[in-house]
Amino acid sequence: MNNLYKKIFVLSFILVLFGSLLKIYHLEFATLFLMLGLFSTLCYIVLGIYQINHSVKLKNNEKVFWTIGFISFSFITGLLYYFKENQIT
């Protein structure tokens with residue numbers, strides 16, 4: 001499941017970036033890519049929160065902080081989790 005989080009996170013980043021570029025140039029399908037990026041962002045947030053809350057290495061207060069971070073600052077927390085995932089779960 002760890003590898004799945006990384007794939008969804010990268011996919012989300014690429015879709016949002018590509019959709020933003022299409023939107024800047026006023027090209028078709030920009031909204032589609034942005035919506036797919038938003039959906040994949042929600043997927044990696046839910047998957048990250050699930051992995052955090054089922055981790056045996058973290059204390060309860062750390063789980064709460066990670067969960068609040070994913071909800072409030074999804075990209076920054078997602079990026080931190082992307083690089084520190086093996087140490088956390």
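The values are calculated or read from the model by the stated rules, or taken from the named source; none is laboratory data. All values derive from a computational prediction rather than experimental measurement. Virtual Cβ from ideal backbone geometry, glycine too; neighbours counted across all protein chains shown. Quick note on the areas: whole protein, heavy atoms, side chains included, nothing else; ligands and nucleic acids left out. Shrake-Rupley method; radii C 1.70, N 1.55, O 1.52, S 1.80 Å.
For the stretch 18-27, give me each residue that is open to solvent by 90 Å² or more (accessible area, probe 1.4 Å) and of a type outside the set (D, E, K, R).
Answer for the stretch 18-27, where residues must be open to solvent by 90 Å² or more (accessible area, probe 1.4 Å) and of a type outside the set (D, E, K, R): 18, 24, 25, 26, 27.
Take the stretch 68-86 and flag every residue that is touching a residue at least 12 places away in the same chain (Cβ under 8 Å), over 12 Å from the mean Cα position of the chain (by Cα) and either over 18 Å from residue 7 (Cα atoms) or surrounded by 12 or more Cβ atoms within 10 Å (Cβ to Cβ) (or both).
Across the stretch 68-86, the qualifying residue is only 85.
Would you confirm whether or not the stretch 10-33 contains a residue that is of a type outside the set (A, V, I, L, M, F, W, C) and within 9 Å of the chain's Cα centre (by Cα)?
Yes: one or more hits.
What are the pairs with Cβ atoms under 7 angstrom where one residue, in the stretch 1-22, is under 17 Å from residue 85 (Cα atoms) and the other, located anywhere, is of a type in the set (Asp, Glu) and open to solvent by less than 50 Å² (accessible area, probe 1.4 Å)? Sequence gap at least six, or different chains.
Partner pairs satisfying both residue conditions: 2/85; 5/85.
Name every residue in the stretch 28-49 that is under 26 Å from residue 62 (Cβ atoms) and open to solvent by 60 Å² or more (accessible area, probe 1.4 Å), in order of residue number.
Matches in the stretch 28-49: 42, 46.
Based on this model, can you work out whether residue 56 counts as in a helix (DSSP H, G or I) and either of a type in the set (Val, Ile, Thr) or in contact with a strand residue (DSSP E or B) (Cβ under 8 Å, 6 or more places away or on another chain) (or both)?
no
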